[in-house]
Amino acid sequence: MAVYFISDLHLCTDRPEINRVFFDFLRGPARQAESLYILGDLFEYWAGDDDLSDPFNASVAVALSEYKQTGPVLRFMHGNRDFLLNGEFAKACGGSLIDDPHSVNLFGTPTLLMHGDTLCTDDLDYQKFRVQVRNPNWQKGFLALPLEQRKKQIEAVRQTSESEKTRKAPEIMDVNQGAVEATLRKHGYPRLIHGHTHRPARHEHRVDGRICERWVLTDWYESGGVLVCDEKGCRAQKL
């Protein structure tokens, strides 16, 4: 058996082909896993768990629930697009939310799971925005707004974000090496698995004389992808 990791699917009605890949993944390859971890940005955006009645959102929840009933453990982590995803969605899917970061032991190898956005410390504007929207008081106020008003505000933020990306140097939106090393040091030099940057790769970091492996998960824009980890190690697979 193996543990599977995916992130940055950005599911939405505008991308039917990737939605099909995801549903096929749950009905097929994912059933080989003993656990499936979704490390953030399952959806293009999430306006609140009261949007579960949306037909597309409901179809994703049903597919995940049916998958969970086949036996695997299902875990979710917040991303920068779906940080408002909460207990109602996880309950509807039969899964559970985990903190970011989250430590696990994978077949004898200590492993740290993250979405990855907190490692992009050079993007000062984003980090400031993240602090704001992760504040419980801000979230309480935002979720008190009517659902349609929330969606309009989210769409406006998304458009602004896409515009700002064109003006940022690519390296600013990648992880900061110092932040990665500090995180590895703080958590005891584990293997690190994260998404967010959309730069899938395997890296090795030498931290205090120790070699630490870092896997960056692929996004699901062009095709699907999963990181499979078992007693032999980890390997990336395209779908």
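The values are calculated or read from the model by the stated rules, or taken from the named source; none is laboratory data. As the structure is a prediction and not an experimental result, all values here were calculated from the model. For neighbour counting, all protein chains shown are included, and Cβ atoms are generated from backbone atoms with ideal geometry for every residue, glycine included. Just the protein is used for accessible areas: all its heavy atoms, side chains included, with ligands, DNA and RNA removed. Shrake-Rupley method; radii C 1.70, N 1.55, O 1.52, S 1.80 Å.
So H115 ticks every box in (1) touching a residue at least 12 places away in the same chain (Cβ under 8 Å); (2) of a type outside the set (D, E, K, R); (3) within 21 Å of K165 (Cβ to Cβ); (4) outside any loop (DSSP other than H, G, I, E, B) but one. Which box is left unticked?
Going through (1) touching a residue at least 12 places away in the same chain (Cβ under 8 Å); (2) of a type outside the set (D, E, K, R); (3) within 21 Å of K165 (Cβ to Cβ); (4) outside any loop (DSSP other than H, G, I, E, B) one by one, H115 breaks only (4).
In the range 131-140, how many are open to solvent by less than 100 Å² (accessible area, probe 1.4 Å) and within 12 Å of L84 (Cα to Cα)?
Count: 6.
Name the residue that is nearest to G233 (Cα to Cα), counting only residues in the range 179-189 that are touching a residue at least 12 places away in the same chain (Cβ under 8 Å) and open to solvent by 10 Å² or more (accessible area, probe 1.4 Å).
Y189
What single numbered condition from (1) at pLDDT below 95; (2) open to solvent by less than 30 Å² (accessible area, probe 1.4 Å) fails to hold for G116?
With respect to (1) at pLDDT below 95; (2) open to solvent by less than 30 Å² (accessible area, probe 1.4 Å), G116 is out only on (1).
Just checking, which of E44, E34, E66 is of a type in the set (D, E, K, R), open to solvent by 30 Å² or more (accessible area, probe 1.4 Å) and either in contact with a His (Cβ under 8 Å, 6 or more places away or on another chain) or over 23 Å from E231 (Cβ atoms) (or both)?
Among E44, E34, E66, only E66 is of a type in the set (D, E, K, R), open to solvent by 30 Å² or more (accessible area, probe 1.4 Å) and either in contact with a His (Cβ under 8 Å, 6 or more places away or on another chain) or over 23 Å from E231 (Cβ atoms) (or both).
Residues that are more than 25 Å from A156 (Cβ to Cβ), open to solvent by 40 Å² or more (accessible area, probe 1.4 Å), in contact with a strand residue (DSSP E or B) (Cβ under 6 Å, 6 or more places away or on another chain) and not small (G, A, S): does the range 92-100 have at least one?
Yes, the range 92-100 has at least one match.
Select from the range 69-79 the residues that are open to solvent by less than 30 Å² (accessible area, probe 1.4 Å) and touching a residue at least 40 places away in the same chain (Cβ under 8 Å) and list them in ascending order.
Within the range 69-79, P72, M77, G79 meet the criteria.
Only one of (1) more than 21 Å from the chain's Cα centre (by Cα); (2) open to solvent by less than 70 Å² (accessible area, probe 1.4 Å); (3) not aromatic (F, W, Y) fails for H196. Which number is that?
Tallying (1) more than 21 Å from the chain's Cα centre (by Cα); (2) open to solvent by less than 70 Å² (accessible area, probe 1.4 Å); (3) not aromatic (F, W, Y), H196 fails exactly one: (1).
Could you say which residue among D82, D49 is among the charged types (D, E, K, R), within 19 Å of L143 (Cα to Cα) and surrounded by 20 or more Cβ atoms within 10 Å (Cβ to Cβ)?
D82
If only one of G28, G48, G40 is in contact with a strand residue (DSSP E or B) (Cβ under 6 Å, 6 or more places away or on another chain), small (G, A, S) and at pLDDT 95 or above, which one is it?
G40
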